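Asker: Following this message is one structure expressed as structure tokens.
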Amino acid sequence: SLRQISQRTISTASRRQFENRVPEKQKLFQEDNGIPVHLKGGVMDALLYRVTMGLTVFGTAYVVYELLTLSMPKKQK
């Protein structure tokens, strides 16, 4: 029973064949079109880049704000 299950799993996995798209991607990323390599993947790369930069700027501003807040002494009543 266990042997049949393992053979079935292996045989069905080997039937799936995927197309090799590496040469297409190599042509895309090696093309000299003035676009930075981190943005050559398309819209999703641009979106991820902008989100990352936004979070970085927001995080930096928040850290500076917190440092300024903590460096000021509290006024005692």
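Asker: Can you pull the percent of region 34-76's accessible area that's carbon plus sulfur, 1.4 Å probe, other chains left in place? If you can, show how the numbers build up before the last one.
Answerer: Numbers: 2930 of 3960 Å².
The C+S portion of the solvent-accessible surface of region 34-76 is 74 percent.
Asker: Residues of region 34-76: accessible area per residue at 1.4 Å, in Å²?
Answerer: Counting only protein heavy atoms, the per-residue value for region 34-76 is 92 Å².
Asker: If you take the beta carbon distance between Ala46 and Thr69 as r and set R0 to 35 Å, what does 1/(1 + (r/R0)^6) give as a FRET efficiency, to the nearest 0.05?
Answerer: It comes out at approximately 0.50.
Asker: Then there is this: In region 17-77, what GluC sites (Glu not before Pro) fall in a loop by DSSP, with at most 15 other Cβ atoms inside 10 Å? Let's see the in-between values first.
Answerer: Working: sites: Glu19, Glu24, Glu31, Glu66; in loops: Glu19, Glu31.
Counting only loop positions with at most 15 other Cβ atoms within 10 Å, the GluC sites (Glu not before Pro) in region 17-77 are Glu19, Glu31.
Asker: Provide the gained length on full extension for the span Tyr62 to Asn20, in nm with one decimal, where the gain is 0.36 nm per separating residue minus the Cα-Cα distance.
Answerer: That pair, Tyr62 and Asn20, stretches by 10.6 nm at full extension.
The values are calculated or read from the model by the stated rules, or taken from the named source; none is laboratory data. On a predicted model such as this, the values are computed, not experimentally measured, just so you know. Counting neighbours? That spans all protein chains shown, and the Cβs are built from the backbone with ideal geometry, glycine included. Only protein heavy atoms, including side chains, enter the accessible area calculation; ligands, DNA and RNA are left aside. Shrake-Rupley method; radii C 1.70, N 1.55, O 1.52, S 1.80 Å.
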